[in-house]
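Visitor: One structure, as structure tokens, below. Some questions next.
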Amino acid sequence: MLARRSAIQATRVPGRRPASGGRRRWAAARLAGAALAAAGLCAVTVIPAYADAVRDQEMWVLDMVHAPSAWPVTQGQGVLVAVIDSGVSSSVSDLAGSVIEGPDLSGVNTPPSNASWGVHGTWMASLIAGHGHGDGSSGIEGVAPQSRVLSIRVVTDRGDPNFAKYQRESNGQVQRALARAITVATRRGADVISMSLGYGAASRPVRMALQNALDHGVVVVASSGNSGDTASAISSGQAPYSFPADYPGVLGVGAVTQTGSAASFSSNNLSVEVAAPGVKVPAQGRDGQYWLVSGTSPACALAAGVAALIKSRYPHLSPALVDQAITSTAQNPPPQGYDARVGFGTVDAAAALTKAAALSHDVNTGRGVKVATQFGGGPAAAPPVPVAPRGTGRLILYAVLAMACLAIAAAAAVRLTRRAPAAAPPGESWPENAPWPGSAPRPGDGAWEANGAWGANAAWPGGGSRPGQAAWEGDRPRLSNGAREGNGPRPGQGAWEGDRPRPGNGARGGNRYRPGNGARDSNGAWEDSGVWEDSGVWEDSGTWPGSEPWPAQPGRRQAPSGHGPVPPSQPGGPPAPYYRPDLSPQDLPPPQTPPADPGPPPWPPPGP
């Protein structure tokens with residue numbers, strides 16, 4: 001933690017002498033003050049005097065922040081201030097009934113009954129919510145005397161028996177404990193968080209916890225540090241930053257003296273937004289004694305008390321607006337408007353309440369600003385909208401037009417789908433009940449590929465029969481049914497051209513034996529002249545291979561219906577006959593005149 005160390009001074013109130021018991025208490029308090037000063041939390045001075053004298057010495061502090069002027073409006077009732085520190089003793093007289101005990105997150109197990117437990121935290125709490133004792137005129141009175149305090153312990157005092165153990169904790173452990181403390185304060189419903197402590201480095205968990213607190217409307221106040229008079233600060237012209245005072249949204253507080261000037265120890269950096277009394281400020285300790293405390297720690301507690309007054313009167317005011325109310329009304333501002341030691345000036349509780357009323361638009365108190373005044377007359381001053389509103393009649397008209405367009409589009413679509421078929425060619429008619437492809441027989445078995453039947457009477461153009469079922473063009477036999485163009489037998493099934501024996505059925509040119517089993521590959525012509533030698537008749541009985549007789553049609557030889565090769569000789573029977581081609585010219589058919597060209601055949605041509 002950042003802190004200022006200074007010597008301890010004992011002071012006696014003029015006109016008062018402490019009793020012997022008071023001397024003993026004063027000596028014990030002085031020893032405790034020395035230990036705390038060594039801890040570096042803040043500088044302290046014991047007040048060995050009665051409680052009524054303490055109030056007299058405290059009045060300059062209350063008057064400097066103008067707290068008595070704000071008390072007729074509010075004294076902090078209904079506000080919970082979380083004091084995240086070394087703990088707050090609930091047994092001291094000036095805080096009786098105002099302390100709510102929270103968790104101990106310091107990491108050590110020092111019991112609250114120990115005399116060194118909660119020393120620094122009790123001082124800070126008395127400056128915020130102290131209400132005095134007796135009839136209220138004695139003891140310490142805080143800036144918000146009717147507020148309550150939530151005590152959350154995260155640090156230890158140097159006199160704590162477990163202080164050495166706390167010192168061995170890592171920076172991560174200490175920062176995580178602080179983040180948990182802020183989170184607990186937010187969950188417990190704190191309106192203000194006061195942290196009179198500081199660390200030299202930022203922490204992501206702390207930053208996240210602070211943002212969560214701000215999102216829940218919690219005002220966060222922290223001391224800016226006591227390093228303004230160190231050698232490094234003097235040489236560099238700026239003290240090191242202190243966290244959490246330097247986090248966004250946190251109100252950083254510096255310290256001033258009784259004359260209003262900046263305290264020499266107060267850190268000078270841009271985290272300082274306002275200042276408050278921080279030199280020899282009276283406070284009550286955990287032992288019931290009263291102390292003069294110096295540092296930015298008491299300044300932070302006093303500024304937190306001012307924030308508690310604002311939250312009491314305007315509970316729904318956001319933390320940013322509370323900070324604005326405090327900073328914008330600070331008294332004794334520096335000549336340039338801002339100073340790194342005192343910020344915008346010293347806090348003023350009464351002026352901050354007035355500004356908060358304006359910011360919250362509290363019209364009932366008479367100090368708010370009406371919306372019409374600030375925003376140009378309100379809704380009544382706004383001109384009417386230049387575009388005339390559309391009535392229901394125009395919407396109905398648009399709907400009718402849209403439906404008419406849809407109806408026209410639907411009628412056009414129906415008409416296009418039901419249009420009449422095209423006219424058939426002259427003298428012909430379109431088929432009525434022709435089958436669709438897929439149900440028609442396979443081409444070559446008598447059915448056409450397109451729609452299964454030829455137009456009208458199924459006749460082929462030119463008077464011929466339809467391919468695959470009738471005669472070919474010009475009364476010639478249809479291809480793929482055995483007949484060949486020119487009245488010749490079909491290749492591969494009947495007689496060869498010119499009445500010569502068909503190759504591929506066993507005959508071999510030049511009286512040679514037939515290779516293999518007599519069948520020729522691909523039914524093509526032999527390499528010679530393509531005609532069979534000799535007389536063109538088959539030897540032996542003159543029958544066509546395949547055991548079918550010759551057809552009795554003069555002038556040509558027809559192929560048998562069989563397509564298989566010549567059967568081999570039976571074992572033990574006569575040898576297979578030899579076949580010779582007949583090249584006699586008298587057996588050739590007479591020349592014929594080709595028929596008239598009927599035009600190009602259809603595509604694709606019918607297959608075999």
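Visitor: Kindly provide the Kirkwood hydrodynamic radius of region 9-371 in Å, to one decimal, from all pairs of distinct alpha carbon atoms.
Guide: About 20.0 Å, per the Kirkwood formula over Cα pairs.
Visitor: Please turn the phi angles of region 156-170 into ³J(HN,Hα) values with the Karplus equation 6.51 cos²θ - 1.76 cosθ + 1.60 (θ = phi - 60°), one per residue in order, whole Hz, x for glycine and proline.
Guide: 10, 7, 5, x, 5, x, 9, 4, 4, 5, 5, 5, 7, 5, 6
Visitor: Quick one: 123, 117, 60, fewest Cβ neighbours within 10 Å first, how do they rank? Please report the intermediate quantities before stating the final value.
Guide: On the way: 123 32, 117 25, 60 13.
Result, fewest neighbours first: 60, 117, 123.
Visitor: Also, I was wondering about something else. Report, by chain and number, residues whose modeled amide H sits under 5 Å from the one on residue 193, excluding near sequence neighbours (fewer than 5 apart, same chain).
Guide: Result for residue 193 returns 82, 219, 220, 221.
Visitor: Could you give the nm distance between label points at residue 416 and residue 204, where each point is 7 Å from its Cα heading toward the beta carbon?
Guide: 6.3
Visitor: Using the C-alpha atoms of region 216-287, what convex hull volume per residue, in cubic angstrom, is computed?
Guide: Enclosed volume per residue, from the Cα hull, is 122 Å³.
Visitor: In whole angstrom, note down how far apart the Cα centers of region 96-112 and region 255-307 are.
Guide: About 23 Å separates the Cα centre of region 96-112 from the one of region 255-307.
Visitor: Next question. Where both residues lie in region 9-371, what percent of DSSP beta bridges are antiparallel, nearest 5?
Guide: Here the antiparallel bridges make up roughly 35 percent for region 9-371.
Visitor: Right, something else. Among 259, 327, what is the fewest-to-most ranking by other Cβ atoms within 10 Å?
Guide: Ordered from fewest to most neighbouring Cβ atoms within 10 Å, 259, 327 come out as 259, 327.
Visitor: Cβ under 9 Å from residue 115's Cβ, residue 115 left aside: what net charge do those residues give with Lys, Arg +1 and Asp, Glu -1?
Guide: So the surrounding residues net to 0.
Visitor: Okay, moving on. Mind sorting 294, 328 by how few other Cβ atoms lie within 10 Å of their own Cβ, fewest first?
Guide: So the residues, fewest neighbours to most, are 328, 294.
Visitor: Once R0 is set to 56 Å, what does the formula 1/(1 + (r/R0)^6) return for the Cβ-Cβ distance between residue 173 and residue 361, expressed as a FRET efficiency to the nearest 0.05?
Guide: 0.80
Visitor: Now a separate question. Net charge near residue 151, counting Lys/Arg +1 and Asp/Glu -1 over other residues with Cβ under 10 Å of its Cβ?
Guide: Taking every Cβ under 10 Å from that of residue 151, the sum is -2.
Visitor: Grab the other residues whose beta carbon is less than 13 angstrom from that of residue 78, score K and R as +1, D and E as -1, and report the net. The partial results should precede the final answer.
Guide: Values: positive: 148, 311, 313; negative: 191.
Every neighbour counted, the sum reads +2.
Each reported figure results from applying straightforward, stated rules to the coordinates on display, with no laboratory input. Just so you know, these numbers come straight off a predicted model, no measurement behind them. Glycine also receives a Cβ, built like all others from the backbone with ideal geometry; neighbour counts cover every protein chain displayed.
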